[in-house]
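Can you keep this structure in mind? I'll have questions shortly.
Values quoted throughout were computed directly from the atomic coordinates according to the rules given, and no laboratory measurement underlies them. Just so it is clear, the structure is predicted and the values come from calculations on it, not from any experiment. Methodologically, a virtual Cβ is constructed for each residue, glycine included, from the backbone with ideal geometry; neighbour enumeration extends over all protein chains shown.
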Amino acid sequence: MKILLVYPRVMETFWSFKHALRIVRKKSAFPPLGALTVASMLPDDWEKRVIDMNTSPLYDEDIKWADYVFISAMVAQRRSAEEVIAKCRKLGVPSVGGGPLFLCYHNEFDSIDHLVLGEGEAILPDFIEDIEKGSLKRVYQSDSHPPLDRTPLPAWDLIDLRNYSTMSIQYSRGCPYDCEFCDIIIMNGRRPRTKSNEQMIKELEALYKRGWKGPIFIVDDNFIGNKREAKGLLKEIIRWQDRNGRPFTFFTEASVDLADDEELMKLMVRAGFDKVFLGLETPEEESLKECGKHQNLKRNLSGAVQRIQQTGMTVMGGFIIGFDHDKPDIFRKQFDFIQKNGIVTAMIGLLTAVPTTKLYKRLEREGRILFKPSGDNTDFAGSLNFITKLDREWLINEYRKLMKKVYDPQVYYDRIFQFLQIYKPSVENVRIFKEDFIAFLRALWYLGIKDKRGVRKLFWRSLWKALIKYPRSIVHVITYAVYGYHFRKLFWERD
């Protein structure tokens, strides 16, 4: 059996880092972890190839080679996925769809031959048996959430790691919280399941043996969903890092209650975590109550952010505008919160009602759904897909203004230094790899010589100031300057 696993192109979004990747000479930010994991679940005697369309073109000959084309996709890859399905149909090769895109929108993909809806560990054994018998059904679906001890190492040998700026691994699935707008618990359940420490160390070893050094994204939607297990893993990672010369840095996503656990934060820093993404959502308390974000209501959000940054981890923040309880001053409140707390990487999105979520079902009952979302929650019009309490066009226009303001170069560099006033870098995470030096030289060219004159001046002034006042954080300043180039192209220079 010949299986071609295709990862469609990701549209240009906040997290695509398309413009930043040009500076660091990488083709994509993250590898197709889901496709690589599925590849390892398939029988050893099957021939497997992976094409990540974000790093390599997909040719007709690739499709013709295959007996089946497996397409793994998120909602932000919909347009590209549809093109792949159309190619497969034209060439007469059956297609199989899996991942969040098809789970949410399977009723809209009549042209795909087979659908695998749910977690691969639960479904693939039956699918593989039927494919070998030649009796495939169109839909395979399971709502079960099996333990992760069945999950194999990703098939890293099927891609070229040099194409990526960051590697990805998964530790857990599921989240104990139940936010109205979130589809994570629909896909992965509310009881966090984790891999064993032994599995995780094997995954680190596999990347290390393939020559990877640098950042690793632990893709869990809430890495600390099971704090006791997470602490045990972190202690193992610390020992492994120390034995191997600390080749990796890590970042992940977590709930804001991370700030309550000093031991957990310190373990994360010692293990090599230098960034964490928090779903902060909004400083408007009534909106937090509305969406069921109770974990954010139990604490002072500014204090939580600052405690984490003072421990030695950069906070990346997710924010949402468009709740029913938002007032007209929400744009000012969001801007002030972000600037005050030095949240340099601030993903501010318009509220999106994703099919399968409680939010979507509520709005559907209320007759307020307008259309299906684009998958990009920073899209000016394609994500606010319901009738809002505040005027929809006004919200979109004010959102556009806010994004231009937040990523105005002067405002952005001011925020970097507000962050540096709060942040206390750890000795463990002051790491510079060979590729960092090359990226530094290219950043000097792009940002310090090639960029627009006014922005060039801001860059050099900020670099000099950082060298004088915050020399241990110079890597952060360069990194944020490169990120800022991407964000500016998306929002500040966007028509």
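Two-decimal Rg/Rh of the stretch 243-377 from alpha-carbon positions, Kirkwood Rh?
In the stretch 243-377, Rg relative to Rh is 1.03.
How large is the charge dipole for the chain, taken about the Cα centre, if only the Cβ atoms of Lys, Arg (+1) and Asp, Glu (-1) carry charge, to the nearest 20 debye?
2240 debye
If you split all Cα-Cα distances of the stretch 72-166 into 10 Å bins from zero, what percentages do you get per bin, shortest first?
Here the calculated profile for the stretch 72-166 is 14, 39, 38, 10, 0.
For R191 and D157 in the same chain, what is the full-extension length gain: residue separation times 0.36 nm, less their Cα-Cα distance, in nm?
Going from the current span to full extension adds 9.0 nm.
How much length is gained if the chain between K289 and K404 is pulled fully straight, taking 0.36 nm per residue apart and subtracting their Cα-Cα distance, in nm to one decimal?
38.6 nm
Sticking with this one: Let me understand the stretch 431-492 better: what is its radius of gyration from the alpha carbons, and its Dmax, in angstrom?
Rg and Dmax of the stretch 431-492, Cα atoms, are 11.5, 32 Å.
Taking a point 7 angstrom from the Cα of S40 along the C-beta vector, which residues in the stretch 126-170 have backbone N less than 14 Å away?
Once the point is set 7 Å along Cα→Cβ of S40, 148-159, 168-170 turn out to lie under 14 Å by backbone N, inside the stretch 126-170.
Oh, and also: Please arrange T37, T356, T194 by counting, for each residue, the other beta carbons lying within 10 Å of its beta carbon, fewest first.
So the residues, fewest neighbours to most, are T356, T37, T194.
Still on this model: To check my understanding: the extent here is largest minus smallest coordinate of the Cα atoms along each principal axis. What are those three numbers for the stretch 2-141, in Å, largest first?
Principal axes ranked by extent give 49, 30, 30 Å for the Cα atoms.
Also: Among L136, L258, L58, which comes first, then next, by fewest other beta-carbon atoms within 10 Å? The partial results should precede the final answer.
Details: L136 16, L258 24, L58 20.
With the fewest neighbours first, L136, L258, L58 line up as L136, L58, L258.
When the scattering of the stretch 166-422 is computed by the Debye formula from its Cα atoms alone, each counted once and equally, what is log10 I(q)/I(0) at q = 0.10, 0.15, 0.17, 0.18 Å⁻¹?
-0.53, -1.12, -1.34, -1.43
Restricting to the chain, compute how many DSSP beta bridges are antiparallel as a %, nearest 5. Please report the intermediate quantities before stating the final value.
On the way: 3 of 48 bridges.
Percentage antiparallel, nearest 5: 5.
Oh, and also: Looking at the chain from every direction and averaging, what is the projected area of its Cα convex hull in nm²?
Numbers: hull surface 88.8 nm².
Quarter of the Cα hull surface area: 22.2 nm².
Where in the stretch 265-292 is the amide nitrogen less than 16 Å from a point lying 7 Å along the Cα-to-Cβ axis of E366?
286-292
Unpartnered cysteines of the chain (Cβ-Cβ under 4.7 Å counts as a partner)?
Unpaired cysteines in the chain: C88, C104, C175, C291.
Another question, then. Work out how much length K202 to T356 would gain on full extension: take 0.36 nm times their residue separation and subtract the Cα-Cα distance, in nm to one decimal.
Fully extending the segment from K202 to T356 adds 52.0 nm.
So for R270, R162, fewest C-beta neighbours within 10 Å to most, what's the order?
Going from least to most buried by this count: R162, R270.
Rank I449, L33, I422 by how far each Cα sits towards the positive end of the charge dipole of the chain (+1 on Lys, Arg Cβ; -1 on Asp, Glu Cβ) and give me just the farthest.
Most positive-ward Cα: I449.
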